[in-house]
Amino acid sequence: AKSAGGNRFELADPEADARAITRHGLTTALPAALERGEFFIEYQPLVHLGDGSVRGAEALVRWLHPQHGILGPDRFIPLAEDTGLIVPLGRWVLEQSVRQARDWRERYGDGGPLRINVNLSPCQLTHPGLVQDTVDILERAGVAPQALCLEVTESALIGADDDLLKPLRRLAEMGVDIALDDFGTGYSNLANLRRLPVSVLKLDRSFTQSMQQFPADPVDLKIVEGIVSLAHSLDLAVTVEGVETGAQAEQLRILGCDTAQGWYYARPGPPERLHQLALVDSTG
Ligand code: C2E
Ligand code: CA
Ligand code: CA
Ligand code: CA
C-alpha cells in the first residue's frame, strides 16, 4: 500500500482515490524529476522493409520514479502537457536523442542507425521557441537536420491553420523530416495532406494489427494499399508501427510500405542495444 494520503483511505472508492493521489502526486513531482534526472530514453529501431537494415530509431521517454518504478509516457506525458512541463521535457528529449544520434554516427558511421525520430507534443508546436531550440540543439551536437525526424500526430494537425504550420514548414525547409504519427486514426481529409509539410506517414498500429492473419482481411488490404499509393504519389515515405510478427512484416512489405517498427524487430531499449542490432545488420 502507498503511504500517501492519511485519512483519504476512508473514502468509499479507495482505488479511484489512489489513482487521484497518484495523478496529483505525479503532476507535482514532474518538475523536480526533470531536475533530478529521473527521465530516460529508450530507442526502438526503424527497419527498412526491403533489406532489413536498421535505418534509424524512435526515442521514447520513460520516468524512473523513485516510488513507482518505471512509468511509461502514457502515464505522465498528458500531465506534462497540462502543466506546461512538456516544453522543457520535450527539449530535453530532443537534446538527448540528437546527441545519441551523433554518438551512433561516430561509432558506426554509415553502418549504424542514421536517423533519430522524436515525438513532438501539440503544446511544443505552439511554443515560440521550437524552431530556434531545434536549430541550437542540432548545431551544438554537430548533427545535420536531415538526420532528425519530428513526429507529430495526425490529430494535432487536423484543421491546423497557417500559424501552427509555420514552424513545421521552417523546420522542413531546413531539412528536418516531419512525420505524421498515428496516421489513419484522425479522419483527416487525405487531400489535406498536400498542405502539410510532412514527408513521412506513420501508419497507425491498428492497421498493422489487422494484418495479423495471412492473408489479411481484403478490405483492410485495400485501405492500406490505397494509403501507400497515395503517399508515394505525394512523395511521402510510409512507416508502419506495431509490427509484432513476420507475417505482418511480409504483408506490409508486399503492400509497399517502406519502413517498419515493432516488437518483431526489437522492443524499445537502451542505446547500446541499437549498436548491436545495427552491427548485426551491417554484417549480415
Ligand atoms: P507512439 O509515438 O505511437 O509510439 C509507439 C508506441 O508503441 C510506443 O509506446 C512503443 O513502445 C509501442 N510499440 C512499439 N512497437 C510495438 C509493438 O510491436 N506492439 C505494441 N503493442 N506496441 C509497440 P510507448 O513507448 O509507451 O509510448 C506511448 C506514446 O507516448 C507514444 O506513442 C508517444 O505518443 C508518446 N511519447 C513517447 N515518448 C514521447 C516524448 O518524448 N514526447 C512526447 N510528446 N510523447 C512521447
Ligand atoms: Ca511516435
Ligand atoms: Ca505512433
Ligand atoms: Ca500511438
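The values are calculated or read from the model by the stated rules, or taken from the named source; none is laboratory data. The shown structure was predicted, so the numbers you read here are calculated from the model rather than taken from an experiment. So basically every Cβ, Gly included, is an ideal-geometry build from the backbone, and we count neighbours across all protein chains shown. Areas reflect the complete protein model, heavy atoms only, side chains present, ligands, DNA and RNA absent. Shrake-Rupley method; radii C 1.70, N 1.55, O 1.52, S 1.80 Å.
The residue of the range 84-139 that is most open to solvent (accessible area, probe 1.4 Å), among those that are without any contact (Cβ under 8 Å) to a residue 40 or more places away in the chain and part of a loop (DSSP other than H, G, I, E, B), is PRO128. Just one of (1) open to solvent by 60 Å² or more (accessible area, probe 1.4 Å); (2) assigned to a strand (DSSP E or B); (3) touching a residue at least 40 places away in the same chain (Cβ under 8 Å) fails for ILE70. It is (3). Residues considered: ASP204, ASP217. Of these, the only one that is of a type in the set (Asp, Glu), within 16 Å of the chain's Cα centre (by Cα), surrounded by fewer than 21 Cβ atoms within 10 Å (Cβ to Cβ) and over 26 Å from VAL131 (Cα atoms) is ASP204. Listed by first and then second residue, the pairs with beta-carbon distance under 7 Å, at least 6 apart or on different chains, first residue in the range 201-220 and touching a residue at least 40 places away in the same chain (Cβ under 8 Å) and more than 14 Å from ligand 2 (Cβ to nearest atom), second of a type outside the set (Val, Ile, Thr) and open to solvent by 90 Å² or more (accessible area, probe 1.4 Å), form an empty list.
So, in the range 53-67, exactly how many residues are touching a residue at least 60 places away in the same chain (Cβ under 8 Å), of a type outside the set (A, V, I, L, M, F, W, C) and open to solvent by 30 Å² or more (accessible area, probe 1.4 Å)?
2
Taking into account only those residues within the range 114-158 that are more than 15 Å from ligand 4 (Cβ to nearest atom) and of a type in the set (Ser, Thr, Tyr), which is nearest to the chain's Cα centre (by Cα)? Selected residue: THR134.
Please verify whether THR185 is within 16 Å of ligand 2 (Cβ to nearest atom), under 25 Å from VAL243 (Cβ atoms) and surrounded by fewer than 17 Cβ atoms within 10 Å (Cβ to Cβ), treating the condition exactly as stated.
On the way: within 16 Å of ligand 2 (Cβ to nearest atom): yes; under 25 Å from VAL243 (Cβ atoms): yes; surrounded by fewer than 17 Cβ atoms within 10 Å (Cβ to Cβ): yes.
Yes, satisfied.
Where residues in the range 159-212 are part of a strand (DSSP E or B) and among the β-branched types (Val, Ile, Thr), which of them is farthest from ligand 4 (Cβ to nearest atom)? So the residue we want is ILE178.
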